[in-house]
């Protein structure tokens, strides 16, 4: 029996990993271990560890790392705490492999500690680009530290190979965020109104805006532009969710909180909706606005349009239902106008999602069942054949 250790630091990440963890837990070949850290354990960010406690997955380790500062220095100090705590957790749990998803600093620290402990890493969602976020660098660094790779599209697989990873260990399985959609019990509009204390109107938008971490100084200006355009919308309910614990995140949240307080009849602000409520709201609204990856990956499968603002997600593969725009007010206004245009809305039910068909977890499990986990991973840099020929 092989012990697989999953590490999660945010609400979105846990929701994505849950289908895979459930399959691993049911398989006699594996033993599951779960380490919870980051925003999960912070009251300021909704204490989302409670959502994990309500799931079927037991928590083995809790590592508190989030400080009261979201400056560059504060984030770096949180990373230091994460490295210490994760190194100690690995020593206690003694996993055979560490499983990580994505690109956040918590995942980077989990990968760095695993490398030092000579633990092989299986990485999900490598090879992607998010040009406006420091996460882009983190993701590629995690790729180089990882031994086994599960990518969301073939283009991303080729990029991982381009980084020098052996093609035999790079597998395209699709985006794991789509796995839960086919089994999701969506809440009705009436149930959402009752649970969340909101009232839908003729038009409704789901808004999530994370700070562009490579331009943290410009976040206030960008939020001002977005909120100014949203304020002009008539007969429209705005459902905001909190930004991540990134540099500049508190400024984003403060701006949204102030806006919601001044528009109590039309704007609602939630620390965390939980995955079921979040996707149920997404299914009911006219569009997703902001720069969350969920608007790019999950929204197309629900036939919902997305206005993707700024550079944070720039570089990702997008469906036809995604409208990308700059952060200037005029560009946001034009994108919102396109979102509600009859021609655009007629195409939404026929959108093809480039991120797969919701079978990523089973594809990952099939690879893990056949994979011989090395006791101490040793990698060689893979050169494309033509590159090797030129040497």
Review point. If one puts a single equal scatterer on every Cα of the stretch 189-350 and applies the Debye formula without solvent, what log₁₀ I(q)/I(0) results at q = 0.15 Å⁻¹?
Key: -0.76
Point to revise | Exposure proxy order (Cβ contacts within 10 Å, fewest to most) of 302, 83 | key: 83, 302
Exercise for review: Please work out the Cα center distance from the stretch 166-241 to the stretch 53-90, rounded to the nearest Å.
Suggested key: 25 Å
Check your understanding: Using a ≥ b ≥ c from the Cα gyration tensor of the stretch 97-222 (square roots of the eigenvalues), is it rounded, prolate or oblate, where a/c under 1.5 gives rounded and otherwise the larger of a/b and b/c decides, a/b for prolate?
Key -> prolate
Practice item. Express in whole angstrom the spacing between the alpha-carbon centres of the stretch 303-341 and the stretch 248-287. Key: 18 Å
Review point. Using the count of nearby Cβ atoms within 10 Å as a rough guide to exposure, how do 47, 206 rank from fewest to most?
Key: 47, 206
Check your understanding: Given labels modelled 7 Å from the Cα in the Cβ direction, how far is it in nm from residue 191 to residue 320?
Key -> 3.2 nm
**Study point:** Sequence of 101, 192 once ranked by neighbouring C-beta atoms within 10 Å, starting from the fewest
**Key:** 192, 101
Point to revise | Helix-derived mean residue ellipticity, 222 nm - over the chain, DSSP H n ≥ 4, -39500 (n - 2.57), to 500 | key: -12000 deg cm²/dmol
Point to revise | Inter-label distance, nm, simple model (7 Å from Cα along the C-beta direction), residue 328/residue 352 | key: 3.3 nm
Review point. Relative to the longest principal Cα axis of the chain, at what angle does helix 135-145 sit, 0 to 90 degrees, rounded to 10?
Key: 20 degrees
Check your understanding: Cα axis of helix 360-370 to longest principal axis of the chain: angle in degrees, 0 to 90, nearest 10?
Key -> 0 degrees
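Cα-based Rg of the stretch 236-318 per 2.2 N^0.38 Å, rounded to two decimals?
1.10
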Review point. Between residue 344 and residue 53, how many nm apart are label points set 7 Å from Cα along the C-beta direction?
Key: 4.2 nm
Practice item. Report, in degrees rounded to the nearest 10, the 0 to 90 angle that the Cα long axis of helix 329-339 makes with the longest principal axis of the chain. Key: 90 degrees
Exercise for review: Over the chain, calculate the relative contact order: mean separation of alpha carbon pairs under 8 Å at least 6 apart, over the residue count, as a percent.
Suggested key: 17 percent
Practice item. Using Cα extents along the principal axes in Å as the read-out, say which of (1) 65, 48, 41; (2) 60, 46, 40; (3) 69, 52, 36 was calculated from these coordinates. Key: (2)
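Every read-out reported here was derived from the displayed coordinates using simple, explicitly stated rules and does not represent laboratory data. Note that the structure is predicted; figures quoted are calculated from it, not measured. Backbone-built Cβ (ideal geometry, glycine too); neighbour counts: all protein chains shown.
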